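One structure is given here, and the rest of the page talks about it.
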Amino acid sequence: MSATKTETILRQRDGSMLGSGRRTHRSWTDVALNVWGVLVLLFLFAPIIVIVIYSFNTGRLLVSFDGFGLDAFRTILEKPAVQNAVRVSLITALISAIIATTLGTLAGIAMARHPGRWVWWFLGLLLLVSVTPEIVDAVALLPWFVTLGQDWGMAIFDDGIVRLSIGSSLFATAVVSYLVRARLIGQEANLEEASSDLYALPFTTFRRVTLALAMPAVLAGFLLAFTLSLDNTIVAAFVQVSGTTPWPVYVLSAVRSGLRPEVAAVSTIMLILTLIALAVVAVVLRRAGDSATDIARTMGGG
């Protein structure tokens, strides 16, 4: 190595050492924006933190905090009405997630692998489903279910679980469609073409190639559809029948007589289930090789 190159390297090293010893002075605007961001996050999450804390309330009513304890969680095991409401919500969420995942996966694959003018019309339809107020969906579904069940003699639509599952799957189907399309739209169809060139049957190509590529988004859509249906309150309040009251509707009816700590306890459990589902989605997408940006884009349907 020549002397000139050696001197250049030493100067660069000394400069980097001096630079690392200097403190980076942040402007007051950066500090103010960071503080404002923290305050906004605290404002958004404060109600959730409060409801989690009050789930350990030993008082008779939720507004009166008497002390910490697990009485509210034990009450869940002692009240059949609470157990039935939670059971209906979980069953409905599972069936709704299956319906939404099946329809949404097929729609997402079709939009990604068969582009054309129809895709934009279909995306507009999905967007219309996404932005339509729930009260409109509820008012439309109730007479439709009554017509199918009573006027047309389809007794299956008189079942509360069926009504709740269909009503909850409408918005979730659009979400799954966005996720699957976003997953496949950035991947070339070379593998599907290679499978066809090797004389694989279309169903085999779909099952072992296309569906395998979309599987992270399919699983993410399933878990998101499950969590979305858990808090479907407005539609559930309209289409429910006697004996199949879901948890959100039970909470609404409990407000009239005063909220009890078991309401906060069940809400805390459902919050934990939701966070676990979102964490599983992130882990699955991470193992599929997605970066943090890709995970956020896929879960957002972008």
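The values are calculated or read from the model by the stated rules, or taken from the named source; none is laboratory data. On a predicted model such as this, the values are computed, not experimentally measured, just so you know. Please note: Cβ atoms are built from the backbone with ideal geometry, for glycine as well, and neighbour counts cover all protein chains shown.
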Residues that are within 28 Å of the chain's Cα centre (by Cα) and small (Gly, Ala, Ser), drawn from the range 29-51:
GLY37, ALA46
Test each condition in (1) exposed (fewer than 15 other Cβ atoms within 10 Å of the Cβ); (2) more than 20 Å from ALA236 (Cα to Cα); (3) not aromatic (Phe, Trp, Tyr) for LEU123 and report the one that comes out false.
(1)
Would you check which residues across the range 156-186 are farther than 15 Å from ARG113 by Cβ and either at pLDDT below 85 or of a type in the set (Gly, Ala, Ser) (or both) and list them?
GLY160, SER165, GLY167, SER168, SER169, ALA172, ALA174
Determine whether the range 181-197 contains at least one residue that is buried (at least 23 other Cβ atoms within 10 Å of the Cβ) and more than 19 Å from LEU90 (Cβ to Cβ).
yes
Can you find a residue that is among the charged types (D, E, K, R), within 24 Å of LEU271 (Cα to Cα) and in a helix (DSSP H, G or I) anywhere in the range 177-192?
no
Just to be sure before I move on: is ALA212 crowded, with 22+ Cβ neighbours inside 10 Å and under 26 Å from ILE276 (Cα atoms) in the structure I sent?
no
Only one residue in ILE99, ILE49, ILE91, ILE95 is at pLDDT 85 or above, exposed (fewer than 15 other Cβ atoms within 10 Å of the Cβ) and assigned to a helix (DSSP H, G or I), so which one is that?
ILE49
When ASN84 is run through (1) modelled with pLDDT under 85; (2) surrounded by 13 or more Cβ atoms within 10 Å (Cβ to Cβ); (3) part of a helix (DSSP H, G or I), the failure sits at (1)
The range 198-240, residues that are under 23 Å from ALA81 (Cβ atoms) and at pLDDT below 85
LEU230, ASP231, ASN232, THR233
Go through the residues of the range 159-172 one by one and say whether even a single one is of a type outside the set (Asp, Glu), in a helix (DSSP H, G or I), over 23 Å from the mean Cα position of the chain (by Cα) and closer than 24 Å to ILE91 by Cβ.
yes
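So is ALA107 at pLDDT 85 or above, over 28 Å from VAL255 (Cα atoms), out of contact with any Phe, Trp or Tyr (no Cβ under 7 Å at 6 or more places or on another chain) and among the hydrophobic types (A, V, I, L, M, F, W, C) or not? Explain how you work it out, then say what you get.
Details: at pLDDT 85 or above: yes; over 28 Å from VAL255 (Cα atoms): yes; out of contact with any Phe, Trp or Tyr (no Cβ under 7 Å at 6 or more places or on another chain): yes; among the hydrophobic types (A, V, I, L, M, F, W, C): yes.
Answer is yes for this residue.
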Check VAL209 against each of (1) touching a Leu at 6+ places or on another chain (Cβ under 6 Å); (2) touching a residue at least 24 places away in the same chain (Cβ under 8 Å) and name the one condition it does not meet.
(2)
